[in-house]
Amino acid sequence: MLCDIRQATAITNVVIGERDYWGKGVVIETRAAILDFLFERLAIHKVWGKPFARNFPAVFNYKAQGFTCEGVLREHLKSVTGGRIDQLVFGLLRREWRARKTSPHR
C-alpha cells in the first residue's frame, strides 16, 4: 500500500501467496479491512489498483468490491516471456465504499 496523504489517494495490492487460500474470499476480506482503514482512519478519498488485464481473479475481486475500471494501459509492461501485457486501472471513492457497505444488496 502506498498513500499520498496530500492528494488523499492510495494504491493497494493484495497478494495471497499460500495457494490453499486462493479462491476462498481471503483477498476480498483482506482488502475490505484495508479499505476501511484507509477511508475511515486516514480519510483517504480514493483507492486505486493496477492488476494485469489477464489476471482474471484479481479483476473479478476489484469488480466484486465496487471498483470501477477507469482505464487500460495498453501493452504497458513486459511479461516474463518478453511479450507485452495490458494493465488495468481500477478506482474506488470513499463515498462509493460507504454506500456499498450500507446497501442491503452488496
- Only one of (1) in contact with a helix residue (DSSP H, G or I) (Cβ under 6 Å, 6 or more places away or on another chain); (2) modelled with pLDDT under 95 is not met by residue 100, so which one is it? (1)
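Would you be able to say whether some residue in the stretch 58-78 is loosely packed, with under 13 Cβ neighbours inside 10 Å, within 22 Å of residue 16 (Cβ to Cβ) and out of contact with any strand residue (DSSP E or B) (no Cβ under 8 Å at 6 or more places or on another chain)? Outline the logic, then answer.
Residues of the stretch 58-78 that are loosely packed, with under 13 Cβ neighbours inside 10 Å, as a first pass: 63, 70-72, 74-75, 77-78.
Still in the running and within 22 Å of residue 16 (Cβ to Cβ): 63, 77.
The next check asks that each one be out of contact with any strand residue (DSSP E or B) (no Cβ under 8 Å at 6 or more places or on another chain); those that pass are none.
No, the stretch 58-78 contains no residue that is loosely packed, with under 13 Cβ neighbours inside 10 Å, within 22 Å of residue 16 (Cβ to Cβ) and out of contact with any strand residue (DSSP E or B) (no Cβ under 8 Å at 6 or more places or on another chain).
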- Query: Do you know which residues across the stretch 15-40 are free of Cβ contacts under 8 Å to residues at least 24 places away in the same chain and either touching a Cys at 6+ places or on another chain (Cβ under 6 Å) or among the hydrophobic types (A, V, I, L, M, F, W, C) (or both)?
  - Reply: 15, 16, 26, 33, 37
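Where residues in the stretch 1-52 are among the polar types (S, T, N, Q) and not in a strand (DSSP E or B), which of them is modelled with the highest pLDDT?
In the first step, residues of the stretch 1-52 are kept if they are among the polar types (S, T, N, Q); the result is 7, 9, 12-13, 30.
Restricting the remaining residues to those that are not in a strand (DSSP E or B) gives 7, 12-13, 30.
On the way: 7: 96, 12: 92, 13: 85, 30: 91.
Out of the qualifying residues, it is 7.
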- Query: Among all residue pairs at least 6 apart or on different chains, which show Cβ distances below 8 Å where the first residue, located in the stretch 66-77, is under 11 Å from residue 48 (Cβ atoms) and part of a strand (DSSP E or B) and the second is open to solvent by 60 Å² or more (accessible area, probe 1.4 Å) and among the basic types (Lys, Arg)?
  - Reply: 69/63
- Mind listing just one residue for me: the one in the stretch 1-50 that is among the hydroxyl-bearing types (Ser, Thr, Tyr) and within 14 Å of the chain's Cα centre (by Cα) and, of those, surrounded by the most Cβ atoms within 10 Å (Cβ to Cβ)? 12
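The values are calculated or read from the model by the stated rules, or taken from the named source; none is laboratory data. Everything numeric in this text was worked out from a predicted model, so none of it was measured. Don't worry about glycine lacking a Cβ; one is built from the backbone with ideal geometry, like all the others, and counts go over all protein chains shown. The accessibility values were calculated without ligands, DNA or RNA, using every heavy atom of the protein model including side chains. Shrake-Rupley method; radii C 1.70, N 1.55, O 1.52, S 1.80 Å.
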